[in-house]
Structures are given as structure tokens and as C-alpha cells.
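The values are calculated or read from the model by the stated rules, or taken from the named source; none is laboratory data. Here the structure is a predicted model, which means the values were calculated and not measured. Neighbour counts run over all protein chains shown; Cβ positions are idealised from the backbone, glycine included.
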Amino acid sequence: MSLVLRSLTGAYRIPVIDIFNYYIENSFAAYPDRKVPYAFFDILLKAAEEYPALVAEDEQDQVVGFGMLRAYHPFPVFSKTAEISYFIKPEWTGKGLGDLLLTSLIQKAKRKGIHSLLASVASLNEPSLKFHKKHGFIECGRFRKIGEKKGQAFDVVYMQKML
């Protein structure tokens, strides 16, 4: 597996939103209940402004995943905490790409002075909960039954990793 990580830029708008929309329609990994337009990419890019944000490309320069950090809260007193998100093409899950994105984002977070990473995970997204636990995140909060998607209520689980 030969993958290259690159900075997330506007050039990746279509493949990134296509990956995100897959998870909107087929899982609880992305919170929206319907596909987002390509213009939504601008919201993602703005949220990651001044934070590390990456795409992963395969040998054919095809985007196979992306990950990003964003501010947990806009007040400066929370500047050492960031939220992390990543989405990987389904056929690339379980092949180490999540590990690669997480490791790279952690390194970049440390260089930025971030000491705490948070992940917001739907309780019905068992693969993500397992992934985060495997990588040293612990459950630090749970908002019970605050979301509903596809007719199913779910909790939002906050997981934290101290860097």
C-alpha cells in the first residue's frame, strides 16, 4: 500500500464530499441526514482553518480518505484542545489508513501545541468507537439520545486522548 498524505485544499472538493456523502447515506459516522452539496466543502475547509487537514491519495492519485482537526471551541482558553474527524472510502477501511491519518494528525497537533484531542462519535457507530479505544481515546462524556437518524435515536459519545 503506497499512500501519500497531502494538505486538504479546494482541489479535493469533489472526492472529499463524495466520501462524506457515502457516510451520510450509509452509516451513522456523519451526522447529516441527507447528502450535502459540494459547496459544503467550504464549511469543512473553514472549520479546519489554522488546523491540520489532510487527504490521502493512492498510487493513481485518487483520494481514498481525509482527516482534519478543528477548534473545539472558539474561545482562546480552549486553544489547546481540538476535535478530530476522518472519513475513509469503505474499500480502504481496515488497511491502516485510519492509523496513518491519526498518527499524522497527532504529530501535527503536537507541533501546534494541542494537548487534548476530542472525537464526537455516534453511539451507533461501533467501528469508530472501537478504533478510538484501540488508539488510546477514552470515553469522557455521553449525551444520551440527542440525535435521530434513519428513525433511530442515538447518543453522542465524546472520546478524548491526551497528547
Taking the criterion of being buried (at least 16 other Cβ atoms within 10 Å of the Cβ) and more than 22 Å from LYS112 (Cα to Cα), would at least one residue in the stretch 66-81 satisfy it? no
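Can you spot a residue in the stretch 109-126 that is in a helix (DSSP H, G or I), in contact with an Asp or Glu (Cβ under 9 Å, 6 or more places away or on another chain), of a type in the set (A, V, I, L, M, F, W, C) and within 30 Å of GLU59 (Cβ to Cβ)?
To start, the set of residues in the stretch 109-126 that are in a helix (DSSP H, G or I) comprises 109-112, 126.
Filter once more, so that each one left must be in contact with an Asp or Glu (Cβ under 9 Å, 6 or more places away or on another chain): 112.
Right, trim to of a type in the set (A, V, I, L, M, F, W, C) and you get none.
Scanning the stretch 109-126, I find no residue that is in a helix (DSSP H, G or I), in contact with an Asp or Glu (Cβ under 9 Å, 6 or more places away or on another chain), of a type in the set (A, V, I, L, M, F, W, C) and within 30 Å of GLU59 (Cβ to Cβ), so the answer is no.
Please indicate, with yes or no, whether at least one residue in the stretch 94-102 is under 25 Å from ILE146 (Cα atoms) and modelled with pLDDT under 95. Break it down stepwise before answering.
Filtering the stretch 94-102 down to residues under 25 Å from ILE146 (Cα atoms) leaves none.
The answer is no; no qualifying residue exists.
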For the stretch 48-57, what are the residues that are in contact with a strand residue (DSSP E or B) (Cβ under 6 Å, 6 or more places away or on another chain) and farther than 15 Å from GLY98 by Cβ? ALA48, TYR51, PRO52, ALA53, GLU57
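Farther than 20 Å from ASN26 by Cα, of a type in the set (A, V, I, L, M, F, W, C) and surrounded by 14 or more Cβ atoms within 10 Å (Cβ to Cβ), is that true of LEU124? Show your work before the answer.
On the way: farther than 20 Å from ASN26 by Cα: no; of a type in the set (A, V, I, L, M, F, W, C): yes; surrounded by 14 or more Cβ atoms within 10 Å (Cβ to Cβ): yes.
No.
Please work out if GLU49 is free of Cβ contacts under 8 Å to residues at least 40 places away in the same chain and of a type in the set (Asp, Glu).
Values: free of Cβ contacts under 8 Å to residues at least 40 places away in the same chain: yes; of a type in the set (Asp, Glu): yes.
In short, yes.
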Taking into account only those residues within the stretch 1-41 that are aromatic (Phe, Trp, Tyr) and part of a helix (DSSP H, G or I), which is nearest to VAL121 (Cα to Cα)? TYR23
Within the stretch 46-62, is even one residue assigned to a helix (DSSP H, G or I) and under 21 Å from ALA119 (Cβ atoms)? yes
Within the stretch 36-47, track down each residue that is over 24 Å from ASP99 (Cβ atoms) and either hydroxyl-bearing (Ser, Thr, Tyr) or surrounded by 15 or more Cβ atoms within 10 Å (Cβ to Cβ) (or both). VAL36, TYR38, PHE40, PHE41, LEU45
Criterion (of a type in the set (Gly, Ala, Ser) and in contact (Cβ under 8 Å) with a residue 40 or more places away in the chain) met by exactly one of SER85, SER79, SER104: SER104
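Out of the residues in the stretch 130-163 that are of a type in the set (A, V, I, L, M) and in a strand (DSSP E or B), which is nearest to SER116 (Cα to Cα)? I'd like the intermediate steps shown before the answer.
The first filter runs over the stretch 130-163 and keeps only residues of a type in the set (A, V, I, L, M), leaving 138, 146, 153, 156-157, 159, 162-163.
Keeping just the survivors that are in a strand (DSSP E or B) gives 138, 146, 153, 156-157, 159, 162.
Values: ILE138: 12, ILE146: 24, ALA153: 28, VAL156: 18, VAL157: 16, MET159: 10, MET162: 5 Å.
Among those residues, the one meeting the criterion is MET162.
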